[in-house]
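The numbers here are math on the coordinates, done by the rules we state, and not lab data. Please read all numbers here as calculations on a predicted model, not as lab measurements. Cβ placement follows ideal geometry from the backbone for every residue including glycine, while neighbour counts extend to all protein chains displayed.
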Amino acid sequence: MYDVIIVGAGPAGASAAIFLAKAGRSTLMFDNGLSVTRRALIKNHYGVPEITGPDLVDTGKDQAARLGTTIVKANVTNIRQDGEVFAVDTDQGTYEARHIILATGLYTDLVEHIGVRVKPGSEPRIKTVVDVTPEGKTSVPGIWAAGTVAGVSMHTIITAGDGAKVAINLLSELEGARHVDHDVFKPQQ
């Protein structure tokens, strides 16, 4: 069983995975290969003069994996709750976790299927999003949402930041105090 399962491996999902795995939480991230970012050429991402969407997605997934995230290529078909445990059904089997982060981008079919409350989207061409609290909590305790599916702008820098925010909020709740992740640069002398 995992501490957290993330459904979606685009900028929001991978960013959340990076923070969770770095904090020592067992993290599984599902990638169905449908991230809209894979069709982008990005020239407005802070710190990166230009990058293709596929390179950005692959870099994020690689970073999450290096920190300990397990990544499975699969389509998630259902999420069921049994007490405090979530069972995530996929075309590759069933996996369990105590918490879920939905980072499904433009796709809300799964979200609506499992009974998470949705609302109209405010971004152009985004009809439906998950109704979340400012922390990223959904209407189902233990299920969080991040990125475009949670109603933030679909720009990669914003969805990545939202994934990080949701992971930090989840970690803070688990730890009972505000989680801080700051590494210190020590120049060579």
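Filtering 145, 160, 150 for residues that are out of contact with any helix residue (DSSP H, G or I) (no Cβ under 7 Å at 6 or more places or on another chain), buried (at least 24 other Cβ atoms within 10 Å of the Cβ) and not basic (Lys, Arg) leaves a single hit, 145.
Looking at 3, 62, just one residue is of a type outside the set (S, T, N, Q), in a strand (DSSP E or B) and surrounded by fewer than 22 Cβ atoms within 10 Å (Cβ to Cβ), and that residue is 3.
When each of 77, 70 is tested for being within 27 Å of residue 178 (Cα to Cα) and surrounded by 12 or more Cβ atoms within 10 Å (Cβ to Cβ), the lone residue that passes is 70.
Counting only strands (runs of 3 or more DSSP E) that fall entirely inside the range 72-139 and contain at least 2 residues that are more than 17 Å from the chain's Cα centre (by Cα) and farther than 27 Å from residue 40 by Cβ, the qualifying elements are 76-82, 85-90, 93-102.
Answer with yes or no whether residue 116 is surrounded by 15 or more Cβ atoms within 10 Å (Cβ to Cβ) and closer than 15 Å to residue 9 by Cα. When the stated conditions are applied, residue 116 does not pass them. Cβ-Cβ contacts under 8 Å between residues 6 or more apart (or on different chains), taken from a first residue in the range 168-189 that is touching a residue at least 40 places away in the same chain (Cβ under 8 Å) and surrounded by 10 or more Cβ atoms within 10 Å (Cβ to Cβ) to a second residue that is part of a loop (DSSP other than H, G, I, E, B) and among the small types (Gly, Ala, Ser), are listed as 170/136; 171/23; 179/23; 181/23.
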